[in-house]
1. For region A:156-166, name all the residues that are surrounded by fewer than 16 Cβ atoms within 10 Å (Cβ to Cβ) and either modelled with pLDDT of 85 or more or part of a helix (DSSP H, G or I) (or both).
2. Mind checking which residues of region A:159-218 are within 14 Å of chain C (Cβ to nearest Cβ), over 19 Å from the mean Cα position of the chain (by Cα) and among the basic types (Lys, Arg)?
3. Provide a single number: the residues in region C:117-143 that are within 10 Å of another protein chain (Cβ to nearest Cβ) and either under 23 Å from the mean Cα position of the chain (by Cα) or not in a helix (DSSP H, G or I) (or both).
4. List the number of the failed condition for C:Leu82; all other conditions in (1) more than 13 Å from chain A (Cβ to nearest Cβ); (2) on the phi < 0 side of the Ramachandran plot; (3) not in a loop (DSSP other than H, G, I, E, B) hold.
5. So for region C:42-56 (the condition being more than 10 Å from chain A (Cβ to nearest Cβ), under 17 Å from the mean Cα position of the chain (by Cα), among the polar types (S, T, N, Q) and over 22 Å from C:Gly222 (Cα atoms)), does at least one residue qualify?
6. Do the conditions hold for C:Glu22, that is, is it in contact (Cβ under 8 Å) with a residue 60 or more places away in the chain, surrounded by 16 or more Cβ atoms within 10 Å (Cβ to Cβ) and not assigned by TED's automatic domain parsing to the domain that holds C:Gly144?
7. Provide a single number: the residues in region C:91-116 that are facing chain A (nearest Cβ under 8 Å) and outside any helix (DSSP H, G or I).
8. Hey, any hits in region B:206-219 for a residue that's of a type in the set (Ser, Thr, Tyr), buried (at least 22 other Cβ atoms within 10 Å of the Cβ) and either touching an Asp or Glu at 6+ places or on another chain (Cβ under 8 Å) or away from chain A (no Cβ under 13 Å) (or both)?
Amino acid sequence: MSKKKITLYASILAFSIIAPFAFPDFGTQLATLWLMIIVAITWDMTGGQMGYNSLGNIFFYGTGMYVAALITIGLTYDIGDYTSAAGGGIYEFTDLEYFGGMALGILGAGVFCSLSAIVIGSLTFGLRGPYFAIGTLGVAIAAGELVANWDWVGGGQGIALPVYPGDLDTGKTFFYFLFAAVGIASFLFARWLYGTRFGAAINAIRDDEEKADAMGIHTLRYKLYTWSMAAFFVGMAGGISAFQLIHFEPLESAYQTINLGIFMVVCVLLGGKGTLWGPVVGAILFHLFKEITWNYLLGWQWVALGALIVVTVVYFQDGVMGWLEHKRPEWFGRKVEKKVVSVSQ
Amino acid sequence: MDQVLGNIDLLFQFPIVNLKIILDGIMIGALFALAAYGLALVWGVMNVKNLAQGDFVIAGGYVSWWLVQHGFPPLLGVPVAFVVMWGIGWVVYKLVITRVIERDLFTSLLATFGLAIMMAQIMNLMFGSDTQSVDLGYPTLHFFDGFIDLPIAKLIGVGMAMSLAGGVIIFMKSSRMGQAIRATAQDARAARVLGIDTEKVYAFTFSLNSAICGAAGAIIVMVWVIQPFYGISYSIRAFVIVTAAGLGNLPGVIAAGLGIGALEQYGSHIFGIGYQQAVAVMLLLLVLLYRLIQQRRNRQVLK
Amino acid sequence: MTSIIDVSNVSKSFGGVVANKEVSLSVNTGAITGLIGPNGSGKTTLFNSIVGYHPIDSGSIKFEGNEISALSVQQIARRGLLRTFQQTRIYGAMDGVQNMLISLPHRKMSIFDALKTFTREDYERADHLLEFVGLYEKRMLKSGDLSFGQQKLLEFAMALMNEPTCLLLDEPTAGINPTLINGLIDRLKRANSEFGITLFVIEHNMRVIMNMAEKIYCLAYGEMLAEGTPDEIQNDQRVIDAYLGAH
């Protein structure tokens, strides 16, 4: 890594740490920004790098929420009793039960989502292009509808988790740092992954899967691995959200297909598909746009959002990074005559 | 679970219930088939997968509902919705669709998804989020000791759907434009070489699709209810039908439409009305799975 | 001499069109075998059947003694049987070196090997093979910008990078500048002798195939018309008739 890059990374890290203290009023928004970054980076792992545009990654977010909540509750109480009381009974959690349950729950959410990506993927990865998008969308919608009708996990009412034990602002900062940690981890993971032979192979799948098949790449296996890695991070993010939101219900907050489920795609397109920084830049821009429209365009915010999707997709599909790469190729180390190939980056 | 088994048991104890379900299913299926035919047309001719299909349907329904609110006769809604939605389809084509035709399929899918969100929200702002319907005021016929009730409005609706479909088929077979559309669907470049203005054909096809959806919506508002956010489930059904039937296979689309209508009615009878959306999506997944297995046998993928 | 590919009585039809009818042939280990035939005689269909691109109607295809006719493209490729395409298939958005690196033999890697960054040896091998096909100077160019002939050479280099046991080449010289053809023949022969790769080649250019192959099969109308050494094929009246009749 060059000195410039180290400075860049260090200053971003420093800013991330200071941010919640410098802007205490925006604690929740900043945490949500990290959530957007996580789902955008992980969406791009399959969408941008592997060419499989999923509209169903929200499935892992919603499932992560439920798994984390159920693990935490199940460790201390009977789940059926707890959900049928719908927050009415007296269910106390000690600090150990809360934080221990949360740690196991979030991790368990990641692992469970990883595994479910393998199961779902082994069916859906036979679908290509738009069929894959529609198929995964179908999985996410179906999951939401089924969970909403499943009384054991709270049905349409959803689940209420215990409130953060401690003062409210500390809680906000706590969740901010949880999201930030997963966000940084997913960024570093993606950065490493794209530099490996595996990363090159999934790029090959994106550009010409039939050729990749003919070269003997284990295309299905690689697709499953990639999706399951992405699902791990999304699942964990969902798990954190469950605790941050305290109460969540299946259709509006967990399996929110047309909200977060589509936002993550727009973030990536806005920032630049198939680039490392694109999803991050896109998530920041999108989040800003969303916060501004939600605050100032009373009632019309959704229309503005739909318009943003259409305009991004139709007119600006290369995104910010793609546009920059076109304008300033030298920033991306694109030179036609390079003397030696650098082995260690 | 007991309830589900009880519902299944009911089907065997009273076979007449099956007839009622199938009749209901076929009537709603005829309207699904209309929207699906429009989708197959656009998909086949310009390779655009329109996720705003259902929102065109709902918009057509609101056109008709608005007319009735302003004192016009309900049956006028169908032709007016056809014309109005033709215009809206043309505008949407010129603003958005024309720019995504040459791009990859995910682009059109996502662009129309954005469009669907916009349309649903605009209708929500204009007409509110309550469910709406138009009452034709016709009586209901009863058969089999009242086991089966058949509102005349529904019969009229199905009749209009059938004549609309028939009109479109005759148009596609015999008119110059219909021939140009079919030629473009087969090979756009060849059609251009032969002097067909494909841009015009695309614009016409998309507007026609939008108009068909609009008319279907105007019928739906007379026999069922509409709501601004119902669009997505009509889009999903249209996809299920087209995926099951394949492109350019009109009898297949009609058969699949009727079949899906009936299956959905069975689904909501057995599992309860809360599962209606889930049943529609499950059918989509089943159809995709079936096609997947079918293609795998030929070592092909579904793309 | 043992054979590496054994095709026996393979038939394949598309709808009513019979593309291959009861075709049998065998490719000897370590040799260069040719497949010729007029346009539309079913050569590429036979290739596609061998590499598992579509299921066959009847017959048997064996690779290294194992039945492969029911396997998929990847499964067959993973056994070391590779093909190049008549219309080249390279990764046009990437440069030559990236194309080569993608072609590393993933079938020989565990997932842990795959999750390593590219080693110095990977780069050296890529450069070496690009030099072997004469593309070293162009290795940093976007490969989509290369000429058709250069893309063919790149695809050939990619195939070599993949370390196959046996390579099926679909018209390697089509679209290549005639002045470069001799060099290409030489490289194909060297790939065969130096890397020990068995080659099975579809070729239209008679001079090329007669120069290279030890044994030649000739298809016509989907059926095996003749087989033999280049000399035997050249003097076979049926082959001459088939070619004259088709044009």
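The values are calculated or read from the model by the stated rules, or taken from the named source; none is laboratory data. These numbers were taken from a predicted model, which means no experiment stands behind them. Cβ sites come from the backbone with ideal geometry, for glycine too, and all protein chains shown count toward neighbours.
1. Step one: of region A:156-166, the residues surrounded by fewer than 16 Cβ atoms within 10 Å (Cβ to Cβ) are A:156, A:163, A:165-166.
Selection gives A:Gly156, A:Val163, A:Pro165.
2. A:Arg197, A:Arg206, A:Lys211
3. Residues that pass the stated criteria total 9.
4. (1)
5. The answer is no; no qualifying residue exists.
6. Numbers: in contact (Cβ under 8 Å) with a residue 60 or more places away in the chain: yes; surrounded by 16 or more Cβ atoms within 10 Å (Cβ to Cβ): no; not assigned by TED's automatic domain parsing to the domain that holds C:Gly144: yes.
In short, no.
7. Of region C:91-116, the ones facing chain A (nearest Cβ under 8 Å) are C:91-94, C:97-98, C:101-107, C:109, C:111, C:113-116.
Next cut, outside any helix (DSSP H, G or I) only: C:91-94, C:103-105, C:109, C:115-116.
So the answer is 10.
8. Residues of region B:206-219 that are of a type in the set (Ser, Thr, Tyr), as a first pass: B:207, B:210.
From the residues that got through so far, the ones that are buried (at least 22 other Cβ atoms within 10 Å of the Cβ) too are B:210.
Then keep just the ones that are either touching an Asp or Glu at 6+ places or on another chain (Cβ under 8 Å) or away from chain A (no Cβ under 13 Å) (or both); that gives B:210.
Yes, that holds for at least one residue.
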